[in-house]
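Participant: Structure below; questions to follow.
The values are calculated or read from the model by the stated rules, or taken from the named source; none is laboratory data. Given the structure is predicted, the values throughout are model-derived calculations rather than measurements. We place every Cβ from the backbone using ideal geometry, glycine too, and count neighbours over all the protein chains shown.
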């Protein structure tokens with residue numbers, strides 16, 4: 001399938017007329033990044049996200065996946081900074097709230113983690129990791145006594 005081309009810049013266009021998140025090329029790239037992430041190929045997924053962000057610097061899915069990878073590799077502050085940037089523009093992005101909850105929990109910021117988890121579950125009550133996060137928070141609070 002050929003992408004439409006913006007005649008003045010030679011760039012593929014989506015429904016938004018540019019490199020926005022609905023651009024088919026960026027969607028395909030993010031699908032590959034998500035697959036690499038699921039396969040445990042974090043460096044490859046991270047590189048694809050950076051490539052997407054070169055075309056669309058505020059691409060929410062690329063930013064959230066980068067934040068997830070940062071969190072999974074112990075860069076929790078970086079993860080929080082990235083998801084906070086996403087949440088400024090997309091406050092209802094459940095994936096960003098998921099990463100915020102996990103990274104806050106990893107940093108021992110229980111109140112922040114609880115708030116992020118509550119927001120996540122309000123936005124996506126059936127989120128597959130919502131129950132795990134809630135249980136981890138409860139366990140942390142019990143052990144802190």
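Participant: Taking residue 118 and the conditions (1) farther than 18 Å from residue 50 by Cα; (2) touching a helix residue (DSSP H, G or I) at 6+ places or on another chain (Cβ under 8 Å), which numbered condition does it fall short on, given that it satisfies the others?
Facilitator: For residue 118, the failing item is (2).
Participant: If residue 49 meets every condition in (1) exposed (fewer than 15 other Cβ atoms within 10 Å of the Cβ); (2) over 28 Å from residue 139 (Cβ atoms); (3) within 11 Å of the chain's Cα centre (by Cα) apart from one, which number is that one?
Facilitator: Status for residue 49: all satisfied but (1).
Participant: Right, here's the next one. Between a residue in the stretch 68-91 that is in a helix (DSSP H, G or I) and any residue that is at pLDDT 95 or above and surrounded by fewer than 17 Cβ atoms within 10 Å (Cβ to Cβ), which pairs come within a Cβ distance under 8 Å, given they are 6 or more apart or on different chains?
Facilitator: Final answer for the pair search is 69/42; 70/78; 72/42; 76/107; 77/107; 80/107.
Participant: Of these, 101, 131, 138, 113, which one is closer than 21 Å to residue 37 by Cβ and either in contact (Cβ under 8 Å) with a residue 40 or more places away in the chain or assigned to a helix (DSSP H, G or I) (or both)?
Facilitator: Numbers: 131 fails: closer than 21 Å to residue 37 by Cβ; 138 fails: closer than 21 Å to residue 37 by Cβ; 113 fails: closer than 21 Å to residue 37 by Cβ.
Residue meeting the stated conditions: 101.
Participant: So residue 39 ticks every box in (1) under 16 Å from the mean Cα position of the chain (by Cα); (2) modelled with pLDDT of 95 or more but one. Which box is left unticked?
Facilitator: Here residue 39 clears every test but (1).
Participant: Any residue in the stretch 80-89 that is at pLDDT below 95 and over 30 Å from residue 143 (Cβ atoms)?
Facilitator: yes
Participant: Of everything in the stretch 97-130 that's under 15 Å from the mean Cα position of the chain (by Cα) and closer than 18 Å to residue 73 by Cβ, which residue is surrounded by the fewest Cβ atoms within 10 Å (Cβ to Cβ)?
Facilitator: Checked the stretch 97-130; the qualifying residue surrounded by the fewest Cβ atoms within 10 Å (Cβ to Cβ) is 129.
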